[in-house]
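Asker: First, the structure itself, so that you have it in front of you.
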Amino acid sequence: MASKLLRAVILGPPGSGKGTVCQRIAQNFGLQHLSSGHFLRENIKANTVGAMARQYIEKGLLVPDHVITRLMLSELETRRGQHWLLDGFPRTLVQAEALDKICALDLVITLNIPFETLKDRLSRRWIHPPSGRVYNLDFNPPHVHGIDDITGEPLIQQEDDKPEAVAARLRQYKDVAKPVIELYKSRGVLHQFSGTETNKIWPYVYTLFSNKITPVQSKEAQ
Ligand code: AMP
């Protein structure tokens, strides 16, 4: 069953818990979790994409299709022999069509979450940049407001998690995701999940992937 390489995509607005679901899928099924937001931030740090991309991200806008498509297709090229799960790409129909030209997807999941919940969640996220530790003012607040528990250094709110940027990201997501979702629905590879709690949807996601690829760990692994 595991001989064919799995090509999967996860869709969902920012703050929908995509990152957490992806991590669990990657751990349980041993596939590469490829996040476009992560690659963009890495490339910006390394100055391998133009300064323009940084400006788009800081404003909560999508970077141009040709920039992200070139970046992601070259990442996929280096992972030809691996199972992978794309997170954050494709975001637009143009991107989905570019991906379509290089491979057929086996599985697309989309997470549906009320926008008000997302807005609250994202606006309450603070990070400690050197370590990548993430705090949420509701679920896991730091002991002292604005300060990292371990190092005592200041926490920051990522530019694209600030309320104005969040609202722009969500509006844009809704408009551009629709035709992408329609495309995958018409191909018969789309599976939709609704809910705000990762633990509740996880058993269904697990079963879906188990039907396509052999797990490398027990279901309980987090
Ligand atoms: P994410 O971590 O997926 O929320 O991405 C952070 C930011 O990177 C987004 O707000 C966009 O500015 C940019 N970005 C990530 N993926 C894409 C994409 N597929 N197309 C355009 N912009 C993207």
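Asker: Which cross-chain or sequence-distant (5 or more) residues have an amide H under 5 Å from the amide H of residue 191, H modelled 1.01 Å from N in plane?
Answerer: So residue 191 has HN proximity to 108, 109, 110.
Asker: Could you give the accessible area per residue of the range 81-219, probe 1.4 Å, as a whole number in Å²?
Answerer: Accessible area per residue: 54 Å².
Asker: Among the lysines, which have Cα under 30 Å from the Cα of residue 162 when same-chain residues fewer than 8 positions away are ignored?
Answerer: Straight-line reach from residue 162, under 30 Å: 18, 45, 59, 119, 174, 178, 200.
Asker: Per residue, how much accessible area does the range 1-68 have with a 1.4 Å probe, in Å²?
Answerer: Ligands and nucleic acids excluded, the result is 47 Å² per residue.
Asker: While we're here: Residue by residue, what Karplus-based ³J(HN,Hα) values in Hz, rounded to whole numbers, does the range 33-47 have, using 6.51, -1.76 and 1.60 with θ = phi - 60° and x for Gly and Pro?
Answerer: Once rounded to whole Hz, the list reads 8, 10, 9, 5, x, 5, 4, 4, 4, 4, 5, 5, 4, 7, 6.
Asker: Just tell me the longest site-free run in the chain, where the sites are GluC sites (Glu not before Pro) in a DSSP loop having at most 15 other beta-carbon atoms within 10 Å.
Answerer: 1-196
Asker: Charges on Cβ only, +1 for Lys and Arg, -1 for Asp and Glu, centred on the Cα centroid of the range 87-191; of 144, 189, 127, which one is farthest towards the dipole's positive end?
Answerer: Toward the positive end, the furthest listed residue is 189.
Asker: Pull up the DSSP beta bridges for the chain and report the antiparallel fraction as a percent, rounded to 5.
Answerer: Working: 7 of 24 bridges.
In the chain, DSSP labels about 30 percent of beta bridges as antiparallel.
Asker: If the convex hull of the alpha-carbon atoms of the range 1-84 is projected onto planes in all directions, what is the mean projected area in square nanometres?
Answerer: 6.2 nm²
Asker: Report the Rg/Rh value for the chain, based on alpha-carbon coordinates and the Kirkwood definition of Rh.
Answerer: 0.95
Asker: Would you work out the charge dipole size for the range 94-222 about its Cα centre, treating the Cβ of every Lys and Arg as +1 and the Cβ of every Asp and Glu as -1, and quote it to the nearest 20 debye?
Answerer: The dipole magnitude comes to about 460 debye.
Asker: Using the Cα centre of the chain as the reference point, and only Cβ charges (+1 on K/R, -1 on D/E), how large is the resulting charge dipole? Debye, rounded to the nearest 20.
Answerer: So the magnitude is around 540 debye.
Asker: Expressed as a fraction of 2.2 N^0.38 Å, the rule-of-thumb size for a compact globular protein of N residues, what is the C-alpha radius of gyration of the range 94-177?
Answerer: 1.43
Asker: Dipole size in debye (nearest 20) for the range 166-218 around its Cα centre, Lys and Arg Cβ +1, Asp and Glu Cβ -1? Don't skip to the end; give the middle numbers.
Answerer: Working: 8 positive and 3 negative charges, 30 e Å.
In debye, rounded to 20, the range 166-218 gives about 140.
Asker: Oh, and also: 7 Å from Cα along Cα→Cβ at both residue 103 and residue 137: what's the point-to-point distance in nm?
Answerer: If labels sit at residue 103 and residue 137, their model points lie 4.0 nm apart.
The values are calculated or read from the model by the stated rules, or taken from the named source; none is laboratory data. Just so you know, these numbers come straight off a predicted model, no measurement behind them. Positions of Cβ are generated from backbone atoms using ideal geometry, with glycine treated the same way; all protein chains shown enter the neighbour counts. For accessibility, only protein heavy atoms count, side chains too; no ligands or nucleic acids. Shrake-Rupley method; radii C 1.70, N 1.55, O 1.52, S 1.80 Å.
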